1. Taking into account only those residues within the range 320-343 that are surrounded by fewer than 18 Cβ atoms within 10 Å (Cβ to Cβ), under 25 Å from the mean Cα position of the chain (by Cα) and without any contact (Cβ under 8 Å) to a residue 60 or more places away in the chain, which is nearest to Lys288 (Cα to Cα)?
2. Within the range 153-166, take every residue that is surrounded by fewer than 17 Cβ atoms within 10 Å (Cβ to Cβ) and not charged (D, E, K, R) and give me the one that is nearest to the chain's Cα centre (by Cα).
3. Which ones in the range 67-117 are open to solvent by 10 Å² or more (accessible area, probe 1.4 Å), within 16 Å of the chain's Cα centre (by Cα) and over 18 Å from Tyr243 (Cα atoms)?
4. Looking at Gly269, Gly284 in this structure, which one is out of contact with any helix residue (DSSP H, G or I) (no Cβ under 8 Å at 6 or more places or on another chain), free of Cβ contacts under 8 Å to residues at least 40 places away in the same chain, open to solvent by 10 Å² or more (accessible area, probe 1.4 Å) and in a helix (DSSP H, G or I)?
5. Which residue, of Glu316, Glu320, Glu334, Glu285, is out of contact with any Gly (no Cβ under 7 Å at 6 or more places or on another chain), of a type in the set (D, E, K, R) and within 28 Å of Arg47 (Cα to Cα)?
6. Under the condition of being open to solvent by 40 Å² or more (accessible area, probe 1.4 Å) and among the small types (Gly, Ala, Ser), which residue from the range 290-312 is farthest from Gly350 (Cα to Cα)?
Amino acid sequence: MDDTAALKKTPLHALHLSLGARMVPFAGYDMPVQYPTGVMKEHLQTRTAAGLFDVSHMGQVIIKAKSGQYEDVALALESLVPVDILGLAEGRQRYGFFTDENGGILDDLMITHLDDHLFVVVNAACKEADIAHLQKHLSDTCEITVLDRALIALQGPRAVEALAELWADVAAMKFMDVRHCRLHDVSCLVSRSGYSGEDGFEISIPADKAVDVTNRLLEHPDVEPIGLGARDSLRLEAGLCLYGNDIDTTTSPVEAAIEWGMQKARRTGGARAGGFPGADRILGELDKGATRKRVGLKPEGKAPVRGHAKLYADAEGKTEIGEVTSGGFGPSVEGPVAMGYVPVSHTAAGTQVYAEVRGKYLPVTVSALPFITPTYKR
């Protein structure tokens, strides 16, 4: 039996095959992990020119208050995320996360204020659960509409030039701006954001027009298709979390060092402090500190240290102190990079810890994140 038959396909699936992609199962979809050039070249292509990623497996959702008022939908979603959505300007996007009653993270998401409603993008692996969560808690006051659209990301220093050939006004956008536009005569929604640490864009496209718009962008000499392999090494160098690896229901936003995603209005003393699941724990950790934190890790030598490797305070492996959550080779850093959780006593940059790899304890240095300098256009 063909195992791939049960996997879902994005609107760009046939295009990936025609481009020679190696396909793998990911979050229930048949997705390109790499193209013939390979992960290393795809990674460097994105850092130096532009890379195009299919992220259509992610969930795209419109949330609109039945009253038709933006204020009502903003306050409704604020009951599920510790983010200031009421203060989010029209045409702007914010990073956020669903929390649970224990202060853990159910998923992270992007939230955009469009006219009188919200447009949110959730992770592929969590999208069914996220949509059910929204419907359970918000459907009394809000309409929740799941969109059947493609989503592509165009990332890298040449992304703006490539996209400007289809829409000149794109150059005026700043990081986290979101605009409706016509690309190749197709109505699209473009945000200046991404998951690579580079300047770039995410483009929501009607499913039946996705191949046309994508091919048009791939015609640009600076744009190459990029698979999930390089997507992972790019986000790891940029110090960005992957849900299910670096954040989940066992990690709080403060432990995960993503409390920058919580604005003043939702913190203790703010205009709408608390009022989200797990607020007691999360606000308590903001005030008093968490006992552990997510940090960058740089293994010595050239061998990567992978996720789930245990971390120890000593070279003999006697005192276990934490765990690596993501790790691999960083092509731009030209060496192995990783992230993981350590006690706050071990979070200072330069602290030496030891990772267990195949029965040996390899020295690893705690490092500031990100490992590269992001190029977002603020």
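1. Taking the candidates together, the pick is Pro343.
2. Only one residue tops the list, namely Pro157.
3. Across the range 67-117, the qualifying residue is only Gln93.
4. On inspection, the qualifying residue turns out to be Gly284.
5. Exactly one residue qualifies, and that residue is Glu334.
6. The qualifying residue farthest from Gly350 (Cα to Cα) is Ala303.
The values are calculated or read from the model by the stated rules, or taken from the named source; none is laboratory data. Every value quoted in this text rests on a predicted model; they were computed, and no experiment measured them. A quick note on method: Cβ atoms are made from the backbone with ideal geometry, for glycine too, and the neighbour counts reach across all protein chains shown. Ligands, DNA and RNA are excluded from the accessible area calculation, which covers all protein heavy atoms including side chains. Shrake-Rupley method; radii C 1.70, N 1.55, O 1.52, S 1.80 Å.
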